[in-house]
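Have a look at the structure below, then the notes.
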Amino acid sequence: MTLSVNEQVELGSIISDLYQISRVCTTLLDENLIQLSEQTSLSRAIRDNAQTLRDSLQTSVEQYKQLERKPFISESDLFNLKKYINTLVLTDYQQDIIPNFEEFTKQVLDKEDAIKKIVEKSRQTGAPILAPTQIEKELQDAKSEIAALPKKGTFNDISSFASKAKPYVEKIIKGAKIALTVLGMFV
């Protein structure tokens with residue numbers, strides 16, 4: 001049971017997505033203009049978990065690559081490390097971070113009135129803000145993206161999970177980034 005090249009590529013993609021999720025959450029925490037206490041707590045938890053998971057995955061993949069090159073490494077050691085990597089992806093990422101980040105994004109997008117008030121205040125101070133009609137369109141587009149998310153399944157291997165989850169996760173990240181961009185917070 002080895003990590004295929006395809007799985008290693010997929011893991012790199014997951015690590016990149018975790019970085020994006022962490023950046024979105026950090027941006028909201030650093031510039032919490034709308035003072036969303038529920039979203040702030042959730043954002044902090046998601047950010048911390050995403051950063052920890054990203055670091056663990058990066059370290060584990062590097063360890064795996066190093067072990068794989070050793071001539072006398074036991075198959076058991078490689079198997080155990082791959083099993084740990086699978087747990088990180090298929091449990092921590094699939095069952096914890098993705099659903100919580102999706103909920104966080106929905107909650108932020110549901111604060112449309114608060115978002116519009118903040119944008120109007122920013123506009124009055126001369127900040128470069130989108131036009132009201134464009135704000136409405138952007139928020140509706142983001143909500144539509146999230147509403148159109150397909151049902152996600154539960155997967156048992158990294159390759160099938162990563163290929164099916166990537167478009168799903170990218171739509172959630174896009175929706176969250178739209179909301180922050182409308183607020184004048186650039187990720």
Does the range 95-103 contain any residue that is over 22 Å from residue 164 (Cα atoms), surrounded by 15 or more Cβ atoms within 10 Å (Cβ to Cβ) and out of contact with any strand residue (DSSP E or B) (no Cβ under 7 Å at 6 or more places or on another chain)?
no
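Please enumerate the residues belonging to the range 83-135 that are farther than 30 Å from residue 3 by Cα and among the β-branched types (Val, Ile, Thr). Give the derivation first.
We begin by selecting, within the range 83-135, every residue farther than 30 Å from residue 3 by Cα; these are 103-135.
105, 108, 115, 118, 119, 125, 129, 133, 135 - these are the residues of the range 83-135 that are farther than 30 Å from residue 3 by Cα and among the β-branched types (Val, Ile, Thr).
Given the condition without any contact (Cβ under 8 Å) to a residue 60 or more places away in the chain, closer than 20 Å to residue 180 by Cβ and over 14 Å from the mean Cα position of the chain (by Cα), answer yes or no: does some residue in the range 41-61 qualify? Break it down into steps so the answer makes sense when it comes.
Step one: of the range 41-61, the residues without any contact (Cβ under 8 Å) to a residue 60 or more places away in the chain are 41, 44-61.
Adding the requirement that they be closer than 20 Å to residue 180 by Cβ leaves 41, 44-51, 54.
Retained after the next criterion (residues that are over 14 Å from the mean Cα position of the chain (by Cα)): 41.
Taking every residue of the range 41-61 in turn, at least one turns out to be without any contact (Cβ under 8 Å) to a residue 60 or more places away in the chain, closer than 20 Å to residue 180 by Cβ and over 14 Å from the mean Cα position of the chain (by Cα).
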Here are the criteria: (1) of a type in the set (Val, Ile, Thr); (2) in contact with a helix residue (DSSP H, G or I) (Cβ under 9 Å, 6 or more places away or on another chain); (3) surrounded by fewer than 15 Cβ atoms within 10 Å (Cβ to Cβ). Tell me which single one residue 115 does not satisfy.
(3)
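To keep it simple, each residue is scored yes or no on (1) over 29 Å from residue 61 (Cβ atoms); (2) in contact with a Lys or Arg (Cβ under 8 Å, 6 or more places away or on another chain).
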| site | (1), (2) |
| --- | --- |
| 139 | yes, no |
| 145 | yes, yes |
| 169 | no, no |
| 177 | no, no |
Filter the range 139-148 for residues that are of a type outside the set (Val, Ile, Thr) and crowded, with 16+ Cβ neighbours inside 10 Å; which is modelled with the lowest pLDDT?
145
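Would you check if residue 100 is outside any helix (DSSP H, G or I), within 23 Å of residue 56 (Cα to Cα) and either in contact with a Leu (Cβ under 9 Å, 6 or more places away or on another chain) or modelled with pLDDT under 85 (or both)? Step through it out loud before you land on a result.
On the way: outside any helix (DSSP H, G or I): no; within 23 Å of residue 56 (Cα to Cα): yes; either in contact with a Leu (Cβ under 9 Å, 6 or more places away or on another chain) or modelled with pLDDT under 85 (or both): yes.
No.
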If we keep just the residues of the range 111-155 that are within 20 Å of the chain's Cα centre (by Cα) and of a type in the set (S, T, N, Q), which is nearest to residue 95 (Cα to Cα)?
154
Restricting the range 63-82 to residues that are in contact (Cβ under 8 Å) with a residue 60 or more places away in the chain and under 29 Å from residue 47 (Cβ atoms), the residue that is surrounded by the most Cβ atoms within 10 Å (Cβ to Cβ):
64
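In the range 107-143, what count of residues is obtained for those that are of a type in the set (Gly, Ala, Ser) and touching a Gly at 6+ places or on another chain (Cβ under 9 Å)? Quick ask: steps written out before the conclusion?
Let us first name the residues in the range 107-143 that are of a type in the set (Gly, Ala, Ser), namely 114, 122, 126-127, 131, 142.
Next, from what is left, pick out any that are touching a Gly at 6+ places or on another chain (Cβ under 9 Å): 122, 127, 142.
Residues in the range 107-143 being of a type in the set (Gly, Ala, Ser) and touching a Gly at 6+ places or on another chain (Cβ under 9 Å): 3 in total.
The values are calculated or read from the model by the stated rules, or taken from the named source; none is laboratory data. The structure displayed is predicted, hence computed values, not measured ones. Methodologically, a virtual Cβ is constructed for each residue, glycine included, from the backbone with ideal geometry; neighbour enumeration extends over all protein chains shown.
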